[in-house]
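Notes for the one structure printed next.
Every number in this text was worked out from the coordinates using simple rules, so none of it is lab data. Because the structure is a prediction, the values reported are computed rather than measured. Neighbour counts run over all protein chains shown; Cβ positions are idealised from the backbone, glycine included.
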Amino acid sequence: MPDNGRMRRAIVLWAACATLALAACRPPLRVVVTEPPPVPTATPTPTTFDAVIRVALGDAGTAEARAGLEAVQAALSAANAGNLCNGRVRVTATALSLPRDAEAPGALNAARDAAFKLAKDDTTWLLITDADNGIVRVLLPELGVAAEQPIPIVGLSASAIGFTKPAEAAEPELYYPIGRPSLLRFAPDEATRAAALATWAVANGVREVAVIEDARRPGATAAVIAALGPLSVTMRGAPTPTMTATITRTNPGLVVYAGERATEAGQLLAGLRAAGYRGAFAGGAALGAPGFEVAAGAAAEGALMAEATSTTVERISQATKLAVTALGKVCADPSREAFRKALMASKDVGGVSLSAMGDVSPLPLRVLRRSSGAWVPVAR
């Protein structure tokens, strides 16, 4: 009888071999992997920077403040500032209410509050103001250290001697607390004004000039001597009855008040006239402040003042041109600090340049006379 067990094993072996042979001839199975569609890479949006120019000419609602703001906006439009750095920098201008007279009640506190707010505002890149020296003294320390990126200030009336010098001995570290100049002075300082007034007076027959200057901020007498030689008598410190008596006795042809306090200047002039002095009385920015005429009363008539030939609006336009040019130089890496550096290095922009410490030039002067409540140009 056949061996059924052997036969079954042979059949199983044959079947296994046939299966292997068939598998060897069959093409390999392909596993299709379904992958998700690629996600498109988003094109990065260029970072834009807001650079706001604040224009502070007293109360923002006055006609004078509006004229100043319009001057900035016109200069921005003329320079096509909306397309600066291929649109990466958006330059706008807004009005800001800020006290301009430090002697006004509450003015210094209001200026300090405004400075604190501005220092925290990353979008403020420039402040243009006609505030007097007392207000600017409050602004500079706060805006000078704003987030370690000082906010530049255009001072249209900042006439104090020493404002554009760091670390004054009398007031160390006041103006540039972190060693970076941030004031653009678009106003002649008191020393320059005193020299201009003395030069005009001597050209009109005056032979002796008395200069009254702040003992903490000397320089006016030196400027007068540099311009004319030793024709002046210096009196330092706050006016006193003794000073008034000395001036009346020596009777110089011109008294130049080179201090900063409008009320003090007015009181000095009123006292001189009451004591019989009949010579000319002149001064700088202090005589243009409201406190001068209030304190001087009728004696203010005929007083002389040295002031920039250009108008406030013209100087605002010049400052804006400097700002736009400086912004155009920092397109690769726009920042307020880069802008400050470029701005302080301005040379020959619209016919003006800045010194290393921020004094604008040229800045021609003219002599004005108080007549019927207004300041009118005096013929040479």
Open item on the list: Can you sort Glu190, Glu142, Glu208 from fewest to most other Cβ atoms within 10 Å of each residue's own Cβ?
Closed with: Glu208, Glu142, Glu190
Task: Neighbourhood charge, 12 Å Cβ-Cβ cut-off, centred on Pro252 and excluding it, Lys, Arg +1 and Asp, Glu -1 - done: +2
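May I ask you to compute the full-extension gain from Asp122 to Ser355, defined as 0.36 nm times their residue separation minus their alpha-carbon distance, rounded to one decimal in nm?
Details: separation 233, 0.36 × 233 = 83.88 nm, distance 2.66 nm.
Answer, rounded to one decimal: 81.2 nm.
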- [ ] Starting at the first residue of the range 278-292, write each ³J(HN,Hα) from the Karplus equation 6.51 cos²θ - 1.76 cosθ + 1.60 with θ = phi - 60°, in whole Hz, x for Gly and Pro.
- [x] 10, x, 7, 10, 9, x, x, 4, 4, 6, x, 7, x, x, 5
Open item on the list: Classify the range 53-124 from the C-alpha gyration tensor, please: rounded if a/c falls under 1.5, else prolate or oblate depending on whether a/b exceeds b/c.
Closed with: oblate
- [ ] Starting from the amide H of Gly162, placed 1.01 Å from N in the peptide plane, find each other amide H under 5 Å away whose residue is 5 or more places distant or on another chain.
- [x] none
TODO: Based on other C-beta atoms within 10 Å, arrange Trp125, Trp375, Trp200 from fewest to most.
DONE: Trp375, Trp200, Trp125
Open item on the list: Using each residue's phi in the range 95-108, evaluate 6.51 cos²θ - 1.76 cosθ + 1.60 at θ = phi - 60° and report the 3J(HN,Hα) Karplus result to the nearest Hz, with x for Gly and Pro.
Closed with: 7, 9, 7, 8, x, 10, 10, 5, 7, 5, x, x, 5, 5
